[in-house]
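Trainee: Before I ask anything, let me first share the structure, which is written out below as structure tokens.
Coordinate-derived values only; no laboratory data. Everything quoted here is computed from the prediction, not taken from an experiment. Please note: Cβ atoms are built from the backbone with ideal geometry, for glycine as well, and neighbour counts cover all protein chains shown.
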Amino acid sequence: MDHTFHYLAMANHAMFQKKLILSLKETELTLGQPKVLDYLQYHDGANQKDMAAGCHIEAPSLTSILNRMEEKGLIERRMLNGNRRSLHIFLTEKGRTYQRMVEQAFCSLEEEVFEGISEAERTSFMAVFEKIYGNLVR
């Protein structure tokens, strides 16, 4: 098979997700939930619209992910300032515990991903990867 950019991007993403979910098996987190926990680490109390944009998830998919997370006691939705139209998402204590587990899993996977790659190669790769991301979001 030809290893084009699109193939490698999709294959790497799929393998990363698979390894992430396997490393978090005891948590019973499903696809999408680690990303949301990671986002809430820095944006606790975000509204769903901002969260969908920040996580690159379509709003209906995010709603489904959040419903399952709320059932598991990882997040809670709250109204702020009496605004009934916009609910904000907050981590619960259990959610914070899981978020720390996700953060550790991401760190471990990044170490594995960059094994055998020099710091200079890693820095160069990340700079190019960020440029690619910038091109895609324009």
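Trainee: Counting only residues that are touching a helix residue (DSSP H, G or I) at 6+ places or on another chain (Cβ under 8 Å) and closer than 14 Å to residue 37 by Cα, how many does segment 78-104 have?
Mentor: The number of residues fulfilling the criteria is 9.
Trainee: I've got another one for you. Considering only residues of segment 52-84 that are closer than 20 Å to residue 105 by Cβ and in contact (Cβ under 8 Å) with a residue 24 or more places away in the chain, which is farthest from the chain's Cα centre (by Cα)?
Mentor: Taking segment 52-84 and keeping what is closer than 20 Å to residue 105 by Cβ, we get 54-57, 65, 68-69, 72-75.
Add one more test, that the residue is in contact (Cβ under 8 Å) with a residue 24 or more places away in the chain, and what stays is 57, 65, 68-69, 72, 74-75.
Details: 57: 10, 65: 12, 68: 15, 69: 14, 72: 17, 74: 15, 75: 15 Å.
Only one residue tops the list, namely 72.
Trainee: Would you confirm, using the coordinates I've provided, whether residue 29 is touching a residue at least 12 places away in the same chain (Cβ under 8 Å), surrounded by 12 or more Cβ atoms within 10 Å (Cβ to Cβ) and part of a helix (DSSP H, G or I)?
Mentor: Here the answer is no, as residue 29 does not meet what is asked.
Trainee: Assess whether residue 90 counts as being surrounded by 12 or more Cβ atoms within 10 Å (Cβ to Cβ) and not in a helix (DSSP H, G or I).
Mentor: Answer is yes for this residue.
Trainee: Filter segment 99-138 for residues that are hydroxyl-bearing (Ser, Thr, Tyr) and without any contact (Cβ under 8 Å) to a residue 12 or more places away in the chain; which is farthest from residue 53 (Cα to Cα)? Steps first, answer last, please.
Mentor: Step one: filter segment 99-138 for residues hydroxyl-bearing (Ser, Thr, Tyr), giving 108, 118, 123-124, 133.
Then keep just the ones that are without any contact (Cβ under 8 Å) to a residue 12 or more places away in the chain; that gives 118, 123-124, 133.
Details: 118: 33, 123: 26, 124: 27, 133: 14 Å.
This residue is 118.
Trainee: Kindly indicate whether any position in segment 4-24 is closer than 19 Å to residue 133 by Cα and either in contact with a Ser or Thr (Cβ under 7 Å, 6 or more places away or on another chain) or assigned to a loop (DSSP other than H, G, I, E, B) (or both).
Mentor: yes
Trainee: Give just the number: which of (1) farther than 30 Å from residue 8 by Cα; (2) touching a His at 6+ places or on another chain (Cβ under 8 Å); (3) surrounded by 12 or more Cβ atoms within 10 Å (Cβ to Cβ); (4) without any contact (Cβ under 8 Å) to a residue 12 or more places away in the chain does residue 96 not satisfy?
Mentor: Against the list (1) farther than 30 Å from residue 8 by Cα; (2) touching a His at 6+ places or on another chain (Cβ under 8 Å); (3) surrounded by 12 or more Cβ atoms within 10 Å (Cβ to Cβ); (4) without any contact (Cβ under 8 Å) to a residue 12 or more places away in the chain, residue 96 comes up short only on (2).
Trainee: Got a number for residues in segment 61-80 being out of contact with any Gly (no Cβ under 9 Å at 6 or more places or on another chain) and either surrounded by fewer than 12 Cβ atoms within 10 Å (Cβ to Cβ) or not basic (Lys, Arg) (or both)?
Mentor: 6
Trainee: So, one more: Being aliphatic (A, V, I, L, M) and part of a helix (DSSP H, G or I) is the filter here, so list the residues in segment 32-60 that pass it. Before you say what the answer is, go through the steps one by one.
Mentor: The initial filter retains those residues of segment 32-60 that are aliphatic (A, V, I, L, M), namely 36-37, 40, 46, 51-53, 57, 59.
Residues satisfying the conditions are 36, 37, 40, 51, 52, 53, 59.
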